[in-house]
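The block underneath contains the structure these notes are about, expressed in structure tokens.
The values are calculated or read from the model by the stated rules, or taken from the named source; none is laboratory data. Bear in mind that the values here come from a model prediction, so they are computed numbers and not experimental data. Note that each Cβ is placed from the backbone with ideal geometry, even for glycine, and that neighbours are counted across all protein chains shown.
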Amino acid sequence: MARVLFYVQHLLGIGHLIRAARICWALRNAGFEIHLVAGGNPVANLDLGGMTVIQLPPLKVVNGGFSCLVTEKGKPVTDEDKAHRARILREIFLSVRPDVLVTETFPFGRRQMRFELLPLLEAAKERRYRPLIISSVRDILQEGNRVERSREVVDLARRYFDHVIVHGDPRLISFGSTFPLVSEIEDLACYSGLVAPVIDHSQSPAFVADVVVSAGGGAVGRRLIETAVASKSMTTMAHGRWLILTGPNVDSAWLDQLRARAADLGITLEHFVPDLVNVLGRARLSISQAGYNTVADVLVAGCKAVFVPFSGWGETEQARRARLLEEEGFGVVLPENKLSPQALATAIDRALNLPQPTLSIKLDGAAETAKILGRLNAEHHCA
């Protein structure tokens, strides 16, 4: 049984961890032995059964950008903290002795984690029986990076990595649309399709709702949630069943206040549901940001959608994804800077009247990644 060491670092939301978990489930089902190394805050209720999960001392970022790393208790990360994590990660690698090493996002992102990832990659490269080294990256990158940054990515990819698996479908967007030097790594790259869940039609969902409002991990979705609560009475779904998922990363005092308001309006409020795609599969409408995993859930469920992409701190990824989906008829986009109860109510009614989209997007990215890794691992270790 081939061993996979899969590194993932979520910093603000939980999307990177959820995508990594979905891939690891597919790898486990394909017969791989999975060792998932998680570097962010632990997430309750996330199913990671059937794999070994190794938690590093958690690091995250504070609101305002991704450059300032802090510990789980909010203290700035010191050089000693970094050296400690780097030592732990290297020891994990030497103990597991993986056949396949996967870094989620790096080198296309997570640049702030180079202090531990570069020593890890050096250790992997120097090992006598070198593992297959894979970069696992979403389809849309942050735009606006300097040319030197892209050049650094290419240099790292060619120095350390055997392959790059892009978790997207080029019929929706090509990787080169947000990574300008893609031609220099084309021989390393392949597409898996979107990493999406599978609806289990044999299981009843945890909740039944007509409208589902979700904000990912909740770290940056407070305004969207408050606006959705205020808009309910203005929409054609005013008498429908509404479920709002705040995410785990919300302030408890704010949540208590919101819960009282929501109850008066007949809205169900929860932190998280483990089977969001099943809930969406019974819903008429999703209201969400445009994060990778939530979009994947919406596309699988086939419900109508309103996307309010997160655009704080110069982020461009969600806005690009939302525009593409609107162009193909999968939803209506409401920019954050235009968000108001009336604007959201109007967007909801527009979305409910959208015709069925015609573009077919590949959504079996987790299973396809398992197939790709199985083939690449066999080729690597037979070479």
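The rows are residues; the columns are (1) surrounded by fewer than 23 Cβ atoms within 10 Å (Cβ to Cβ); (2) assigned to a helix (DSSP H, G or I); (3) modelled with pLDDT of 95 or more; (4) of a type in the set (A, V, I, L, M, F, W, C).
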position: Val273; (1), (2), (3), (4): yes, no, no, yes
position: Ile287; (1), (2), (3), (4): no, no, yes, yes
position: Val295; (1), (2), (3), (4): no, yes, yes, yes
position: Val306; (1), (2), (3), (4): no, no, yes, yes
position: Trp313; (1), (2), (3), (4): yes, yes, no, yes
position: Leu324; (1), (2), (3), (4): yes, yes, yes, yes
position: Ile361; (1), (2), (3), (4): yes, no, yes, yes
Single residue of region 122-154 satisfying the filter (among the hydrophobic types (A, V, I, L, M, F, W, C) and free of Cβ contacts under 8 Å to residues at least 40 places away in the same chain) that is surrounded by the fewest Cβ atoms within 10 Å (Cβ to Cβ): Val147
Flag if Pro58 is in contact with a Cys (Cβ under 8 Å, 6 or more places away or on another chain) and at negative phi: no
All strands (runs of 3 or more DSSP E) inside region 67-177 with 3 or more residues being in contact with a Lys or Arg (Cβ under 9 Å, 6 or more places away or on another chain) and of a type in the set (Gly, Ala, Ser): none
Candidate set: region 181-233, residues that are part of a strand (DSSP E or B) and modelled with pLDDT of 95 or more; chosen: the one surrounded by the fewest Cβ atoms within 10 Å (Cβ to Cβ): Cys190
Residue pairs meeting the criteria (Cβ under 9 Å; at least 6 apart or on separate chains; first assigned by TED's automatic domain parsing to the domain that holds Met51 and touching a residue at least 60 places away in the same chain (Cβ under 8 Å), in region 80-99; second among the charged types (D, E, K, R) and assigned to a helix (DSSP H, G or I)): Leu89/Glu116
Condition check for Ile34: buried (at least 18 other Cβ atoms within 10 Å of the Cβ), modelled with pLDDT of 95 or more, aliphatic (A, V, I, L, M) and over 27 Å from Glu317 (Cα atoms): yes
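Residues are listed down the side, and each one gets a yes or a no for (1) out of contact with any strand residue (DSSP E or B) (no Cβ under 6 Å at 6 or more places or on another chain); (2) over 27 Å from Leu46 (Cβ atoms):
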| residue | (1), (2) |
| --- | --- |
| Ala253 | yes, no |
| Thr268 | no, no |
| Leu325 | yes, no |
| Leu339 | yes, yes |
| Leu344 | yes, yes |
Subset of region 234-249 (residues that are part of a loop (DSSP other than H, G, I, E, B) and not β-branched (Val, Ile, Thr)): Met237, Ala238, His239, Gly240, Arg241, Gly247, Pro248, Asn249
Residues of region 94-118 classified as more than 16 Å from Gln9 (Cα to Cα) and either at pLDDT below 95 or touching a Leu at 6+ places or on another chain (Cβ under 8 Å) (or both), total: 4
